[in-house]
Amino acid sequence: MNMLPLSDDVIEELAEARFTNRELSWLDFNSRVLAQAEDPQLPVLERLKFCAIFSSNLDEFFMVRVAGLRDQVAGGVNKSGPDGMSPQAQLGAIRSEVDRQLERLDAVLVANILPELTSEAINVVGWQDLTVDERKFATDEFEDRIFPVLTPLAVDPGHPFPYISNLSVSIAVLINDPATELHRFARVKVPASMPRLLTLPGDNRFVPLEAVMVAHLDELFPGMDVIGGWPFRVTRNSDLTLDSDADDLLEAVEVELRRRRFGQAIRLEVTDDIPDEAFQLLLRELELEIDSVYSQTTLIDPSCYWELVGLDRPDLKASSRPRVVPRRLRDLEGSRDFFDRIRREDLLIHHPYESFQASITEFVRQSSVDPDVLAMKITLYRTSGDSPIIEALIGAAERGKQVAVLIELKARFDEQANIEWARRLENAGVHVVYGWVGLKIHSKIMLVVRRESNGITRYCHVGTGNYNPKTARLYEDVGLLTANADVGADVTQLFNFLTGYGRDVAYQRLAVAPTHMRNRLVQMIENEIAADSPDRHIVMKMNSLVDPQLIDMLYEASRAGVQVDLIVRGICCLRPQVPGLSETIHVRSILGRYLEHSRIYYFANGAIVDESVDLDPEQKDRFYIGSADLMPRNLDRRVEVLVQVDAPEAKRRLSEILVTCLDDTALSWVLEADGTYRRLGHLGDGINAHEVLEELAAARSSGGDPTLDLEMRPRTLSAGSLNAYGDRLGDL
């Protein structure tokens, strides 16, 4: 194996450095998101969009991850994780890093983005900046539309402190009662049913709704002297915890959703000018310490800037090509018979470069109206509010087809929407399964059973992304459409297992968590280590890498001399390039116009090593795609699916994606041995993976060969079998 020898004391020294902290790694990811907002080469509305994304990401981080750490501290948990940090130590490090990031956010908004918007005639102004006519307009809007929905809530001996809902923006009001000369406190909620930014007459001038409300507080408290009003926002613990003995999963989720509304406060956001009297009252009533408070100079909750990102100003946004229809789904006579196309060959679809609507949505629609389709089965984790896929499934059930939908009620922050979809589907006669109490069903699979002249054929889709037409325009994902009999048998077995009962189900082409996937991945890595080949190579593309066992397996592969290239968008707890531990491991994160979301796993020698069998080099490799990141939750506490991709054309397409990502120099951040990320280049510098993949998709759709010669690019891969695929891309 050529294992590098390590002494016991060296191993002990390295043990503490083997893993980086999960929470700090996630904050590193959000820091890279914020860096997009700081990039002057991006159009200004694109930069503003990243400010909003950064803010929304941070909200979820506090609601779930920080809330969990605070629960551990409150419960007296002092045990350190694999990275050696206790919950209390993690909270301290998180506080320091979030402070730094919020300073950067304020700075880029105040010094760069908002002034640049002003130069482009887009202005977010305060009340003091309004003209006389604009103030009259805002006052009329307040009296006609805003005032009627407001409910001022006083706090005094007869009025207890009101419940402050999660993530709602409120105004803390201080009032002087002229009859008693006593100061009173009141809370007024900024209506969530209205746009946060009030559009003023004329061209693209906006004033925050809370600024209009503060200017008219005297109308809410007649006869009182209003001292002032200051916006604030509360974040609450929103992690959903189910009783493992629940008899009715739907009822249990609904109960937990009601409890979530009253979760413990974990963060208070205030403006930096809030008076101490109001501030201390909020701390006391919310039962928070000072280390849970974050003050800002700009708008509280910058995610409201999404309202500006939606402006019709294409000149201030990143341009992109229209989504193309894969040529493989067209016919010279204009027919779009998906079943015929899929029978001919497995089809790999790459979103958003190839249209989700023209591929997956259209496949579901055709299946729902085809008289020869007998049954349709699908897993739904998240979907859009106006999902054409849901409509097609309902239509299929109404036409008498057997339709089964596995809806994951526990999909975080989509629980209520999924409950509503489940009830609507049930009312239409669809067989709805809610999943299991102890496991989330996160897999992205679909099965269509069709009657054909030679018998029954099963058509399957296995993907990396949700069946959500809206996010499919922004998230990068891949999916396999296949009529392969082995895949069909596996997917059928899996659906029967999920909707019924069974144990020890065997699969040929699928790796399924929590029963088989971990062992399959370990086996693939072991095969690469043991392979008698000069080209031993592992490439993994995923969202997060956290699992200690698989990280240690990759360390073992590196010590054995295997080349390991990791494309990890978000959390990465592995340390690359550590002498004696991970010298052959390289990690990069790609952030750009699209959210990298696909999971692709490549093993140059993934086939079972058997020296008695002389396999062609192209048959020794293994590609897997699917729903699973390498995290304990994915491998041990979720139903996840990876499918082995064997069709030569599909494998070449996957190779094209990996090679392009590893060649990228414009969007990539490289993870160093000390846990920090170094940006390779900037927009416009070198190879931009998103632009390259757009060009390749367009060229392929038009019927010509892709014109970009990947072999001429700077290489980041060592010579090996993956390169051999890259060298043949011109033959597509």
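Of note:
- Residue ID - surrounded by the most Cβ atoms within 10 Å (Cβ to Cβ), chosen from residues in the stretch 111-141 that are polar (S, T, N, Q) and under 31 Å from the mean Cα position of the chain (by Cα): Asn123
- Checked against the criterion of being more than 20 Å from Ser387 (Cβ to Cβ), part of a strand (DSSP E or B) and not polar (S, T, N, Q), the candidates Val478, Val462 yield just one match: Val478.
- Flag if Ile394 is over 20 Å from Gly479 (Cβ atoms), at pLDDT 90 or above, of a type in the set (Val, Ile, Thr) and surrounded by 15 or more Cβ atoms within 10 Å (Cβ to Cβ): yes
- Checking each residue in the stretch 492-514 for being in contact with a Phe, Trp or Tyr (Cβ under 9 Å, 6 or more places away or on another chain) and crowded, with 17+ Cβ neighbours inside 10 Å picks out Gln493, Leu494, Leu498, Ala511, Val512.
- Some residue of the stretch 564-575 being of a type in the set (Asp, Glu) and out of contact with any strand residue (DSSP E or B) (no Cβ under 6 Å at 6 or more places or on another chain): no
- Verdict on Gly570 being modelled with pLDDT of 95 or more and either part of a loop (DSSP other than H, G, I, E, B) or farther than 30 Å from Asn30 by Cα (or both): yes
- Filtered residues of the stretch 113-128 (kept if more than 14 Å from Leu316 (Cβ to Cβ), in contact (Cβ under 8 Å) with a residue 60 or more places away in the chain and either in a helix (DSSP H, G or I) or of a type in the set (Lys, Arg) (or both)): Trp127
- Scope the stretch 439-459; condition out of contact with any strand residue (DSSP E or B) (no Cβ under 7 Å at 6 or more places or on another chain) and outside any strand (DSSP E or B); matching residues: Ser453, Asn454
- Flag for Ala647 being among the small types (Gly, Ala, Ser) and farther than 20 Å from Ser589 by Cα: yes
- Verdict on Met85 being surrounded by 15 or more Cβ atoms within 10 Å (Cβ to Cβ) and in a loop (DSSP other than H, G, I, E, B): yes
- Test result for Arg518, outside any strand (DSSP E or B), within 25 Å of Phe54 (Cα to Cα), among the charged types (D, E, K, R) and touching a helix residue (DSSP H, G or I) at 6+ places or on another chain (Cβ under 6 Å): no
- Scanning the stretch 657-676 for residues that are under 23 Å from Gly479 (Cβ atoms) and among the charged types (D, E, K, R) yields one hit, Asp664.
- When every residue of the stretch 317-340 is checked against the conditions, at least one turns out to be β-branched (Val, Ile, Thr) and not assigned by TED's automatic domain parsing to the domain that holds Ile175.
- Any chance Leu696 is among the hydrophobic types (A, V, I, L, M, F, W, C), closer than 30 Å to Arg22 by Cα and not assigned by TED's automatic domain parsing to the domain that holds Pro43: no
- Contacts under 7 angstrom Cβ, first residue in the stretch 573-595 being within 14 Å of Val670 (Cβ to Cβ) and without any contact (Cβ under 8 Å) to a residue 24 or more places away in the chain, partner among the acidic types (Asp, Glu) and surrounded by fewer than 21 Cβ atoms within 10 Å (Cβ to Cβ), 6 or more apart: none
- Matching option when the condition is of a type outside the set (Phe, Trp, Tyr) and farther than 25 Å from Thr298 by Cβ, among Arg104, Arg70, Arg65: Arg70
- Pick from the stretch 674-715, criterion among the polar types (S, T, N, Q) and surrounded by fewer than 18 Cβ atoms within 10 Å (Cβ to Cβ), ranking: modelled with the lowest pLDDT: Thr707
- Restricting the stretch 167-182 to residues that are under 19 Å from Thr271 (Cβ atoms) and assigned to a strand (DSSP E or B), the residue that is farthest from the chain's Cα centre (by Cα) is Ile175.
- There is at least one residue in the stretch 70-80 that is polar (S, T, N, Q), surrounded by 16 or more Cβ atoms within 10 Å (Cβ to Cβ) and not assigned by TED's automatic domain parsing to the domain that holds Ser582.
- In the stretch 57-82, the residues that are small (Gly, Ala, Ser) and part of a helix (DSSP H, G or I): Ala67, Gly68, Ala74
- Failed item, numbered, when Asn166 is tested on (1) in contact with a His (Cβ under 8 Å, 6 or more places away or on another chain); (2) at pLDDT below 95; (3) of a type outside the set (Ser, Thr, Tyr): (1)
- Strands (runs of 3 or more DSSP E) completely within the stretch 580-629 that count 2 or more residues being under 23 Å from Arg559 (Cα atoms) and at pLDDT 95 or above: 585-590, 599-603
- The condition of being touching an Asp or Glu at 6+ places or on another chain (Cβ under 8 Å), more than 24 Å from Leu153 (Cβ to Cβ) and either modelled with pLDDT under 90 or buried (at least 19 other Cβ atoms within 10 Å of the Cβ) (or both) holds for Val253.
- Among residues of the stretch 534-554 being aliphatic (A, V, I, L, M) and in contact with a helix residue (DSSP H, G or I) (Cβ under 9 Å, 6 or more places away or on another chain), the one that is nearest to Leu642 (Cα to Cα) is Met540.
- Members of the stretch 426-472 that are farther than 25 Å from Glu398 by Cβ and of a type in the set (Phe, Trp, Tyr): Trp436
The values are calculated or read from the model by the stated rules, or taken from the named source; none is laboratory data. Quantities reported herein were computed from a predicted structural model and do not represent experimental measurements. So basically every Cβ, Gly included, is an ideal-geometry build from the backbone, and we count neighbours across all protein chains shown.
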